Amino acid sequence: MRNLTSWLFETGAVAAAPYDKPFFYTSGQIGPYYINTHYLYGGEQAANELLALIDGMAGDRDNVAAAVTAATVKQYEAGGVYKQLIDGMCEYINQNIGSDFDYISGGERRDWFFSLIIARQLGKEHLTIFKDLEVRAASTGKKNAPLNGASVLHISDIITTASSYTRAWIPAIAAAGGRMAYSLSVLDRGQGGGAAIEDGGARSYSVAPIDKVLFDRALSDGYIDAGQHRMIVSYTENPDGYVRDFIADNPDFLQNALNSADQKTAGRARLLNDWLQTHR
């Protein structure tokens, strides 16, 4: 999609750190950009409101899919980036996958930002998959009847290593008697997820990879500066090498984080320090 780069940065779905202040990730690693694909829904506030709706209905599995569908339809009908993205994803499916599948599925929670509305637009039943592997039909909210070998297209927000697929989504569909034939993610971080999905028996597709081409375009369009671009290219070429080199060149960054009054930052800094001790 020609406008995807601008959508990613304008909604905050991709945020680049200052060249000398990378982000801490939950794992304790550091990196030059952060991705929240669900912000494509309409920005951070709108995305957080939908997550709050989902979380607030955690005990009401009969009705959560209907409620999320209603919210996403309202957002879609308001126009803007979200409508353009959903229309583009439906066109992508028609052109690259076709209609040779029986169901569309989405996994708890962020997949639902995209999977439910796409199922509605394409006239397919949606299979709502929960983290405990329960599968429900969105049209009724009830546990789905045996799928009897039916084929499924799974829609996800982003794939990295595809651990959610191999641990949950593919086994859940199989346990319900179906087979995941296709997967479509909005973004692919290029960390082996596509290959893992294909090893699990599904054809893997993605609207866009998170790669140098995307960040080259972001630089030319003015969404990032040259320093951020250099940092991102270094990271994408060799993430571990980037981390080691950055800390070697900026020792105060780690020390300041270790001494931070913010316990989350200090905790992640300790994880990074431990990692560095074993990855010299």
- Task: Please verify whether the range 175-193 includes one or more residues that are touching a strand residue (DSSP E or B) at 6+ places or on another chain (Cβ under 8 Å), in the same structural domain as residue 64 (by TED's automatic domain parsing) and among the acidic types (Asp, Glu).
- Result: yes
- Out of curiosity, is residue 76 surrounded by 14 or more Cβ atoms within 10 Å (Cβ to Cβ) and in contact with a strand residue (DSSP E or B) (Cβ under 7 Å, 6 or more places away or on another chain)? no
- Item | Matching residues in the range 178-195 - criterion: being within 16 Å of the chain's Cα centre (by Cα) and not β-branched (Val, Ile, Thr) | 183, 184, 185, 187, 188, 189, 190, 191, 192, 193, 194
- Task: Name every residue in the range 4-18 that is of a type outside the set (A, V, I, L, M) and either in a helix (DSSP H, G or I) or buried (at least 17 other Cβ atoms within 10 Å of the Cβ) (or both), in order of residue number.
- Result: 5, 6, 7, 9, 10, 11
- Task: Taking residue 98 as the residue in question, decide whether it is of a type outside the set (A, V, I, L, M, F, W, C) and in contact (Cβ under 8 Å) with a residue 12 or more places away in the chain.
- Result: no
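Filtering the range 112-135 down to residues that are touching a Leu at 6+ places or on another chain (Cβ under 7 Å) and in contact (Cβ under 8 Å) with a residue 60 or more places away in the chain, which residue is farthest from residue 49 (Cα to Cα)?
Among those residues, the one meeting the criterion is 126.
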- Task: Check off (1) modelled with pLDDT under 95; (2) over 30 Å from residue 128 (Cβ atoms); (3) buried (at least 19 other Cβ atoms within 10 Å of the Cβ) for residue 213 and give me the number that stays unchecked.
- Result: (3)
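The values are calculated or read from the model by the stated rules, or taken from the named source; none is laboratory data. Quantities reported herein were computed from a predicted structural model and do not represent experimental measurements. Every residue, glycine among them, receives a Cβ derived from its backbone with ideal geometry; neighbour counts consider all protein chains shown.
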